[in-house]
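Asker: This is the structure I have questions about; it appears just below.
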Amino acid sequence: MTAHTKGTGLKWVGRAMRRVEDPALVQGQGHFTADLPAVHWVRFVRSPNAAGKIKSIAKPAGALVITAADLKGVKPITPMLHKFSYRPVAQPILAETKVRYVGEAVAAVVAASEEYAEDIADLVEIDIDETAPLIDARDALKDGAPQIHAVAPGNVILEGKHKTPGFDAVWAAAAKVIKIDARSHRQNATPMEARAGHAAYDAATGRVTLTCTTQMPHLMRTAIADVLGMPESDLRVIAPDVGGGFGQKMSLCAEYVVLVWLARKLKSSVAWTEDRRENLIASFHSRDQYITLEGAFDKDAKLLALRADVVSNVGAYSCFPTTSGVEPLMAMAEMPGPYDVQQYQCLARGVLTNTCTMAAYRGVSRPIITFTLERLMDKAASAFALDPIDIRRRNLIEKFPYTSAMGLVYDEATYKETLEMAVKAIDVPAFRKRQEEARKQGRYLGIGFATFSERTGYGSPAFAARGMEITPGWETVILTVDPSGFVEARIGSSPHGQGLRTTLAQIIADEIGVTPDVIKVVHGDTDTSPYGWGTFASRSLVISGGATLIAAQKVRAKLIKIASTMLEAAPHDIVLENGAAKVAGTDRSVTIAKMAREAYTQTHRFKGEIEPGMTETGTYDPPGTFSNACHVAIVEVDIETGHARIEKFLVAEDAGRIINPMIADGQVIGGIAQGIGNALLEEIIYDDGGGILTANLADYMPPTAREMPPIELHHLETPSTQSITKAKGLGEGGCIGAPAAIVNAINDALSPFGVQIDEMPATPQRIRTALRDAEKAAKKTA
Amino acid sequence: MKPAPFIRHVPKTLDEALKILSEVAGQDGRVLAGGQSLVPIMAFRLAKPAHLVDINEVEGLDRITSDGKTLSIGACVRHAAFHKPVVDNPLGALLTFVARHIAHYPIRTRGTFCGSLAHADPSAEWCLVAATLDATMVAQSTRGERSIAAADYFQGIMSTALAEDELLTQVRLPLLAPDAKFGFNEFSRRAGDFAMSAALVTYTVQGGKIAGAHIGVGGAEPSPRRMADAEAALNGQAPGDKAFRAAAEAAASAIDPLEDHQTTGEYRRDLVRAVVRRALENSVS
Ligand SMILES: Cc1cc2nc3c(=O)[nH]c(=O)nc-3n(C[C@H](O)[C@H](O)[C@H](O)COP(=O)(O)OP(=O)(O)OC[C@H]3O[C@@H](n4cnc5c(N)ncnc54)[C@H](O)[C@@H]3O)c2cc1C
């Protein structure tokens, strides 16, 4: 095993300890779903059409091809929300009478290898009576648009509305109203490992083990058992090493239901590995929104009121468990961001279209609302002839706790402090000078800021407030010291790249006085880990970390009790460190291994005062808290080609106590990479017929290492009072702030041309179009 | 994303390769060189060749030779062979400069120069080189050998004058004058992506004036080609911003631009204008 950073009595929390996950991963020793051998392989035959009635499905003779007709008794996936006039749209496991998007699974071919399955799939003929599809959400909202689901009139799956009392009066009295029509194009989360599932039937027990690339093994088990109408105890779900998820792997996929059904039917093992094309057209999409946002300001550029109209294209179905309310409702709830604004009106609609279903993707709506709001602030700054930094200084919330216009309570935050930190570190005056000189040479540099708040680590009440039928929130950790003194934490969270096995070990190590190398964190198997919600929503370190600390505190208390009996000393004189209990100020000590052994094998010595064994459980369900950050981008725009190059990126952020700075930095940098994709490169493009034009990684363009700029990170570690580890989440912030900062910087660079880019990604084509239009307009007036 | 079934033939000699190719050509038999274009297309099942004639083990195809007038590049010479100059002539430096723009390192260690020419992607750098420098393509089959001039060779998007049973055994590039200047520039959204437009220029300066200019543009039309109007705008002028801009403008207006869902003809012209001027600037810096 690779050596950890060796301790010298310092705390483990706060150290950039190397990730215990990495040695296996970088040496090709990880365990991934697609590595498992299987008897049968599945290839899904997917709809080539975006909308239409299925007339017939012709299967090649002798082939095993499953269609909806075979899946009698299997329930459709019908996520539910009890608010916002939500319409319970149902998704059949395989398309039944209609197809609703290109890529929808219509049939499952079963064969002895992936290659054979694909050969047979090529021969399956689906005859579809094609109808005109709805691709753009605005078209789906038009009067007389075809209806995609009978239960959802007007193609609206839900409608969130909010208006603060007194809004109209404040609006009418405003000195200036600034407006933005923002457009965020559709994206795919693009985890490095696409989806994969492997379902194996065990004849001895009649159970099926589903190994799959999920962020939520326990909920997948519950959901699949529900849909198939089988006892949960007959299903075991394992999330082995998972190559990234970013939200795409937290929703229930129909494909896994088919695999479990097939494993039971064939009494055998059945596997499916999604290819990149399938992932790009048929996994889950996100971020396809139109937002119109208006801000009413007083004469001093103080924001008084916001009015928002959010149109979120949710695709053909709703996703389980969050429902497709996840984007529009997040947009509505958090639109006001870090600014002090007490009047707010919002209409947020989720709109069904003939496109791939939308699901959560890292940041969920906040990259878009931050983009919209931060563009609005920059526009307002220029309307008031203010510096973008000044307008933020005038409007950021300063007094906490602060109750937002939506009723959210911001416990504490350091919006201004992180802004000032970033402003100082980037040296704005020096940049402005450089910008001016560059312009003289026909080079266009720009600087852009984004300040935002990132809600993290929220417990069940926050989800209940959304009217969710499933309210994730709490986490449980079972911590055991075994008779040899080794420590094992079984957790309900399901990390898949976040390094939780390392950070939780750091928390445990400090609490019970051992080194991390004797601690093993176990997760991702419903047979061995306690029920829990998984890893998403910047929650695991806060919630699972909190549950870990609670369990460790209990183990600590027990160890101290045992030590005080064994060492005949008062409990308050016992110190736990370096794997032993010591009596302070003496040389008397006993190792944790010895105490653990006695707790199992010499229980009579404790005269019934100490329970046998050494296993403690911690559960944590916190209120949630908000991290915050200021992102700054410096870009250079090539006005001839429209290409924007990021010269430098800087982050000043506050996520409370940092358990492991290296892992924290990794989370932020990875998020920024996705933010760069969002801002400049990544876009799922449909043609008018509903076909996807970006179905490979040459056409759908995540940034590569070469597109990553130098990134400078600053942490302001204000310990959180709302989280028992004092840590807040930071898994999403990188991608929340980056698009706004980058596009603001592009707009700053292009300010001499009077060009406004309010669309993401800001592709070179879009930038050139805007510049060309400006050139043409200038010629006309000249 | 698994290829449809196929039979792979692994000839050891050129004669054997040509013989197999002549037999399987009619059944959608294809040459497999570096596989960096063909294999992805097969994985997407956009091509389902029944036979592959793998030329990687054919004796003698991996040679680069020069007779002092031309540089001959054999069918199995990889892109990576050009990472360092292969000939002591400005052409060697030119090929090295251009090679770095092709895809990513691992792809360059497999993909072949001739495979790129046979594949004829409108954006391929080597196709642009061949078109700009008036290369000669040598095609062989059991029917014999023939030479095809670049101007006749490219016939549209991924379409060439090669017959189904012909192997492109060699590409011949004329060496440049010892004092020749060259410049290259391309635009792509990410490093390593196919260029959305690219330009290659060569010329000499005689008495302070540009002579014998070759200006090629790739990625902007179905095939790369020399731009006569732009060359005319350059020849006889002193190298400098004014002449470069005039040539760039001439190239931009001469093209019949490729358009796609994101890229308008207007934008393609913007790019051509930029890459031609930058290639010219690059030639003097
Ligand atoms: C991610 C990625 C990025 C890329 N980016 C670029 C880029 O920026 N610029 C660029 O130019 N290329 C790029 N390529 C393509 C790469 O350069 C290929 O290597 C090249 O296009 C084809 O060469 P090959 O030897 O791999 O040919 P193969 O893939 O083996 O064959 C391609 C085609 O040519 C035929 N063929 C090959 N050799 C011969 C021959 N000697 N005679 C007759 N027919 C033959 C084959 O039958 C096939 O139809 C990229 C590829 C990838 C995967």
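The values are calculated or read from the model by the stated rules, or taken from the named source; none is laboratory data. Nothing here was measured: the structure is a model prediction, and the numbers come from that model. Positions of Cβ are backbone-derived with ideal geometry, glycine not excepted, and every protein chain shown enters the neighbour counts. Only protein heavy atoms, including side chains, enter the accessible area calculation; ligands, DNA and RNA are left aside. Shrake-Rupley method; radii C 1.70, N 1.55, O 1.52, S 1.80 Å.
Asker: Excluding residues on the same chain fewer than 8 positions from A:LYS302, give the aspartates and glutamates whose Cα lies under 16 Å from its Cα.
Answerer: By straight Cα distance, A:LYS302 reaches A:GLU294, A:ASP340, A:GLU374, A:ASP378, A:ASP387, A:ASP390, A:GLU398.
Asker: Something else about it: Report, in whole Å, the centroid distance computed from the Cα atoms of the stretch A:674-736 and the stretch A:11-59.
Answerer: Their Cα centres are 20 Å away from one another.
Asker: Further question: Which one, A:THR451, A:MET358, A:ALA425, projects farthest toward the positive side of the charge dipole computed for the stretch A:317-454 from Cβ point charges (K/R +1, D/E -1)?
Answerer: The Cα lying farthest towards the positive end belongs to A:ALA425.
Asker: Roughly how many whole Å is it from the C-alpha centroid of the stretch A:629-660 to that of the stretch A:264-283?
Answerer: Each part's Cα centre sits 38 Å from the other's.
Asker: Counting only C-alpha contacts under 8 Å and six or more residues apart, can you give the relative contact order of the stretch A:339-496 as a whole percent? Walk me through the numbers on the way to the answer.
Answerer: Working: 103 pairs, mean separation 24.4, N = 158.
Relative contact order comes out at 15 percent.
Asker: Could I ask something else about it? Where the centroid of each part is defined by its Cα atoms, how far is the stretch B:50-71 from the stretch A:167-212 in Å?
Answerer: If you average the Cα positions of each part, the centres end up 51 Å apart.
Asker: Continuing with this model, one more query. Each label point is 7 Å from the Cα along the Cα-to-Cβ direction; what then is the distance between the points at B:ARG100 and A:ALA90, in nm?
Answerer: The modelled label-to-label distance comes out at 6.2 nm.
Asker: For a quick check of understanding: with a 1.4 angstrom probe and all protein chains in place, what accessible area in square angstrom does A:SER751 have, to the nearest ten?
Answerer: 60
Asker: With all protein chains present and a 1.4 Å probe, how do A:PHE384, B:PHE113 order by accessible area, largest first? Intermediate results must be reported in sequence, preceding the final value.
Answerer: On the way: A:PHE384 40, B:PHE113 0 Å².
Heavy-atom accessible area, descending, gives A:PHE384, B:PHE113.
Asker: Between B:ALA228 and B:GLN155, what is the label-point separation in nm under the 7 Å Cα-to-beta-carbon projection?
Answerer: Placing both labels 7 Å beyond Cα along the Cβ direction yields 2.2 nm.
Asker: Charges at C-beta only: +1 for Lys and Arg, -1 for Asp and Glu. How large is the resulting dipole of chain B about its Cα centre, in Debye rounded to 20?
Answerer: Details: 30 positive and 32 negative charges, 128 e Å.
Around 620 debye, computed over chain B.
Asker: Using the Cα centre of the protein assembly as shown as the reference point, and only Cβ charges (+1 on K/R, -1 on D/E), how large is the resulting charge dipole? Debye, rounded to the nearest 20.
Answerer: Working: 113 positive and 123 negative charges, 296 e Å.
Roughly 1420 debye, rounded to the nearest 20.
Asker: Let me ask you something else. How much accessible area does A:HIS572 have with a 1.4 Å probe, in Å² rounded to the nearest 10?
Answerer: 150
Asker: Now, a different point. For A:GLY160, what is the net charge nearby, where nearby means another residue's Cβ is under 10 Å from its Cβ and Lys, Arg count +1, Asp, Glu -1?
Answerer: Details: positive: A:LYS83, A:LYS161, A:ARG349, A:ARG466; negative: A:GLU159.
It works out to a net charge of +3.
Asker: Can you find, among A:THR721, A:ALA557, A:ILE178, the residue sitting farthest towards the positive end of the charge dipole of chain A, where Lys and Arg contribute +1 and Asp and Glu -1 at Cβ?
Answerer: The one lying farthest along the dipole's positive direction is A:THR721.
Asker: R0 = 45 Å: FRET efficiency of B:LYS242 with A:GLU647, Cβ-based, nearest 0.05?
Answerer: Details: r = 31 Å, r/R0 = 0.68.
About 0.90, to the nearest 0.05.
Asker: At a Förster distance of 22 Å, what's the computed FRET efficiency of A:MET708 paired with A:LEU25, Cβ-Cβ distance as r, to 0.05?
Answerer: 0.60
Asker: Could I ask something else about it? Quote the FRET efficiency, to the nearest 0.05, computed for B:THR65 versus B:ASP260 with a Förster distance R0 of 45 Å and r equal to the Cβ-Cβ distance.
Answerer: Details: r = 40 Å, r/R0 = 0.88.
It comes to 0.70.
Asker: Separate question: What number comes out for accessible area per residue over the protein assembly as shown if the probe is 1.4 Å? Units Å², please. Show your work: numbers first, answer last.
Answerer: Details: 39630 Å² over 1067 residues.
That works out to 37 Å² for each residue.
Asker: Next up: Can you list residues from other chains, or at least 5 along the same chain, whose modelled amide H is less than 5 Å from the amide H of B:ARG30?
Answerer: Hits under the 5 Å cutoff: B:HIS51, B:LEU52, B:VAL53.
Asker: Next up: How high is the relative contact order of chain B, in percent, counting Cα pairs under 8 Å that sit 6 or more residues apart?
Answerer: Details: 664 pairs, mean separation 44.0, N = 285.
15 percent.
Asker: If you don't mind, another one. Tally Lys and Arg at +1 and Asp and Glu at -1 over the other residues with C-beta under 15 Å from the C-beta of A:LYS55: what net charge comes out? Could the numbers behind the result be given before it?
Answerer: Values: positive: A:LYS53, A:LYS59, A:LYS98; negative: A:GLU96, A:GLU125, A:ASP127, A:ASP129, A:GLU130.
Surrounding charge for A:LYS55 is -2.
Asker: Positive end of the dipole of the protein assembly as shown, charges at C-beta (+1 Lys, Arg; -1 Asp, Glu), about the Cα centre: which of B:MET42, B:GLY111, A:ALA105 has its Cα farthest in that direction?
Answerer: The residue sitting farthest along the positive end of the dipole is A:ALA105.
Asker: Report Rg (one decimal) and Dmax (nearest whole number) for the protein assembly as shown, counting Cα atoms only, units Å.
Answerer: My reading of the Cα-based Rg and Dmax gives 31.9, 107 Å.
Asker: Return the lysines within reach of A:LYS594: Cα separation strictly under 16 angstrom, same-chain partners fewer than 8 residues apart disregarded; answer none if there are no such residues.
Answerer: Reachable lysines: A:LYS558, A:LYS561, A:LYS582.
Asker: With charges only on Cβ, +1 for K and R and -1 for D and E, what is the dipole size of the stretch A:681-782 about its Cα centre, in debye, rounded to 20?
Answerer: Numbers: 9 positive and 14 negative charges, 70 e Å.
Here the size comes out at about 340 debye.
Asker: A follow-up question, please. Per residue of chain A, what 222 nm ellipticity follows from adding -39500 (n - 2.57) for every DSSP H run with n ≥ 4, rounded to the nearest 500?
Answerer: My calculation for chain A gives -9000 deg cm²/dmol from helical runs alone.
Asker: Sum up the lysine pairs in chain B that clear both bars: alpha-carbon distance under 21 Å and a spacing of 8 or more or different chains. Kindly include the intermediate steps, with their values, before the conclusion.
Answerer: Working: B:LYS2/B:LYS48; B:LYS69/B:LYS84; B:LYS69/B:LYS181; B:LYS84/B:LYS181; B:LYS181/B:LYS209; B:LYS181/B:LYS242; B:LYS209/B:LYS242.
So the count of such lysine pairs works out to 7.
Asker: Compute the length gained on full extension between B:ALA93 and B:ALA191: take 0.36 nm times their separation in residues and subtract their Cα-Cα distance, giving the result in nm to one decimal. Mind showing how you got there, number by number?
Answerer: Details: separation 98, 0.36 × 98 = 35.28 nm, distance 2.08 nm.
Full extension of this stretch gives 33.2 nm more.
Asker: Further, regarding this structure: Once both labels are modelled 7 Å past Cα along the beta-carbon direction, what's the A:LYS776-A:LYS176 spacing in nm?
Answerer: If labels sit at A:LYS776 and A:LYS176, their model points lie 2.9 nm apart.
Asker: Can you give the accessible area of A:PHE486, probe radius 1.4 Å, in Å² rounded to 10?
Answerer: The accessible area comes out at roughly 110 Å².
Asker: Now, a different point. Which cross-chain or sequence-distant (5 or more) residues have an amide H under 5 Å from the amide H of A:GLU577, H modelled 1.01 Å from N in plane?
Answerer: A:LYS582
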